[in-house]
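One structure is given here, and the rest of the page talks about it.
The values are calculated or read from the model by the stated rules, or taken from the named source; none is laboratory data. Given the structure is predicted, the values throughout are model-derived calculations rather than measurements. Cβ: placed from backbone, ideal geometry, glycine included. Neighbour counts: every protein chain shown. In case anyone asks, the SASA skips ligands and DNA or RNA and just uses the protein heavy atoms, side chains included. Shrake-Rupley method; radii C 1.70, N 1.55, O 1.52, S 1.80 Å.
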Amino acid sequence: MLDHSGREIDYLRISVTDRCNLRCRYCMPEGIKCLPMPEILTYEEICTIAETAAELGIRHIKLTGGEPLVRRGVISLVERLKAVLGIEAVTMTTNGILLEKELPSLIDAGLDAVNISLDTMDRGKYREITGTDGLDTVLSAVSAACAAGRTGLPGPADPAGCPADSPEGSAEAAPGRRLRVKINAVSLDLGEDNLHALINIAKDMPVDVRFIEMMPIGFGRDFPSLSHTVLLEKLKAMHPGIQKDDRHHGYGPAVYYTIPGYQGSVGLISAIHGKFCGTCNRVRLTSQGYLKTCLCYNDGADLRAVLRAGLPETEMRAALFESMREAILSKPDAHCFDKPAQITENAGMNAIGG
Ligand code: SAM
Ligand code: SF4
């Protein structure tokens, strides 16, 4: 559906849990208390919201967390969401620690794409940031996901036409269904060696490597981001042949660049230095069932209250539809990261889902 300023809202991010098996310092450092399970939406409730969202024009769902793969049964949720009429793609963002083991089931369940979060290629720095010695595990999952992408099960063509893994891109075309794979790195300014090592993943594999400016939400407030104006200059100095890549890569706000000889592209998601609110297409559902319409503000709708109000099914669904419609319609025009005093969101990213 269109919001009040005419933006098409077709993308819903769903945080399935606030729990995580890592402790990234900018997201969920040691000592953070997790919500009691009864406060978290059940899969049944999530599916009811997804059905209503699809009626309102949502076409793409991203599962996030916390870490989505730590919640038991999440693969069956993927399967159920894939079956919701109107939903064209279900994707997931994960830290990759549990991914390799779950890949075959995720592919069987119909997962369309996976984003793997990885901020550094240095083992010590990875441990410092996340609290876990997990770099090798994540890199192994990245390779396995790419291999699964090349040999995935037969199925529908890639709906997003991502060049890093579609026939029109530079990567080899696969005969069947593809699992699109992207790397997401928060721009922590960890030095040129790290930058070089991260973008080399796109050289070696058909994977887009995307950098995300740190947003002043939750503990992210204490970690200044490397400005993407600066990052782009660094990339140009490293690779004078780098060129803007206008091909369609997915549903998000990343601006892509190609480097000669690289299989994947490099993406910049510049929430701070490249404000993209005018084309924002998304809303977010927190693990507690709050529909958030902008990262910056706590505006939105308490859908859990509607689901648990004890209404008869038909009335509950009508109320849910109306709550979601009203919230989406009045989505804020733009974030206010440049005016921190106006930020009204106090939840951490592990509860919101990024
Ligand atoms: N655990 C999963 C993961 O790490 O991909 C999913 C949840 S995590 C909150 C989703 C993404 O949000 C991760 O890529 C993480 O790096 C990013 N993130 C967390 N805090 C952030 C912040 N303050 N600004 C920008 N991105 C942030
Ligand atoms: Fe966990 Fe993801 Fe947050 Fe890291 S960024 S603590 S992996 S939820």
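Things worth noting here:
- Over every Cα atom in region 1-75, the radius of gyration and the widest Cα-Cα span, Dmax, amount to 14.8, 42 Å.
- Per the Cα gyration tensor, the chain maps to an equivalent ellipsoid with semi-axes of 30, 23, 20 Å, ordered largest to smallest.
- The long axis of helix 192-204 is offset from the longest Cα principal axis of the chain by roughly 80 degrees.
- Accessible surface of the chain [probe 1.4 Å, protein heavy atoms]: carbon and sulfur percent: 54 percent
- Accessible area expressed per residue, the chain, with surrounding protein chains retained (probe 1.4 Å, Å²): 41 Å²
- Modelled spin labels at Met1 and Glu30, positioned 7 Å past Cα toward Cβ, are 4.6 nm from each other.
- 3J(HN,Hα) along region 67-82, derived from phi through the Karplus expression 6.51 cos²θ - 1.76 cosθ + 1.60 where θ = phi - 60°, amounts to 9, x, 6, 8, 8, 4, x, 5, 5, 5, 5, 4, 4, 5, 5, 4 Hz, with x in place of Gly and Pro.
- DSSP beta bridges in the chain [antiparallel fraction, %, rounded to 5]: 30 percent
- Ranking Ser265, Ser140 by solvent-accessible area of protein heavy atoms (1.4 Å probe, all protein chains present), from largest to smallest, gives Ser140, Ser265.
- Within-13-Å neighbourhood charge of Asp122 [Cβ basis; K, R +1; D, E -1]: -3
- Against the main long axis of the alpha-carbon atoms of the chain, helix 99-109 sits at an angle near 60°.
- Expected 222 nm ellipticity per residue - DSSP helices of 4 or more, -39500 (n - 2.57), all of the chain, to 500: -9000 deg cm²/dmol
- Beta bridges per DSSP, both residues in region 203-353: antiparallel share near 75 percent.
- Exposure rank, largest accessible area first [Ile242, Ile61; 1.4 Å]: Ile242, Ile61
- C-alpha long axis of helix 135-151 to longest principal axis of the chain, angle in °: 80 degrees
- Cβ-based net charge around Gly278, under 10 Å, with every Lys or Arg adding one and every Asp or Glu removing one: +1
- Burial ranking of peptide ranges 17-26, 62-71 (average Cβ count within 10 Å, highest at the top): 62-71, 17-26
- Ordered from highest to lowest accessible area with the whole protein assembly present and a 1.4 Å probe, Asp204, Asp119 read as Asp204, Asp119.
- Rounded to 5, percent antiparallel among DSSP beta bridges of region 37-137: 0 percent
- Percentage relative contact order, region 254-354, counting C-alpha pairs under 8 Å, at least six apart: 25 percent
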